[in-house]
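See below for the structure under consideration.
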Amino acid sequence: MSESQSRYSIVERLTKTKIDIMEAKAGLKERVKEAEQKAAELKKELSDWEKDWEVEKAKNKRDMERDIRKAETSAANMGERLKDKEKVYDEKLKAIDVALQSIETISKTSEQK
């Protein structure tokens, strides 16, 4: 009886070892499948990121081009206003020169009396 029990325990251990090995083997395939899925997910994330980046880049470019146009328009407007302001300043300078000449003339006339 002990002989049959000994064989039974050996068969039981071998069967358990066989099941453990089969489970480990099946686990290997599952881990490879999970790793492949992870790689596919990362590729998709990269692709999505690149698309988002391209959209953002295009938006930023449009914004910068709009800012450039605004700055150019502002500079052109300032150039036009500059001419007008220069004329105003020239007129003021002429008026001051006339006033100074008048004062000088009055001073000379006052000294002669």
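A few points about this structure:
- Value of Rg to Rh for segment 1-46 (Rh from inverse mean 1/r over Cα pairs, i.e. Kirkwood): 1.49
- Mean projected area in nm² (Cα convex hull; one quarter of hull surface) for segment 1-96: 11.7
- Spatial separation of Cα centroids for segment 76-111 and segment 1-43, in angstrom: 103
- Computed extension length for R7-K59: 11.0 nm, one decimal, from 0.36 nm per residue of separation with the Cα-Cα distance subtracted.
Just so you know, all these numbers are worked out from the coordinates, no wet-lab data involved. As the structure is a prediction and not an experimental result, all values here were calculated from the model.
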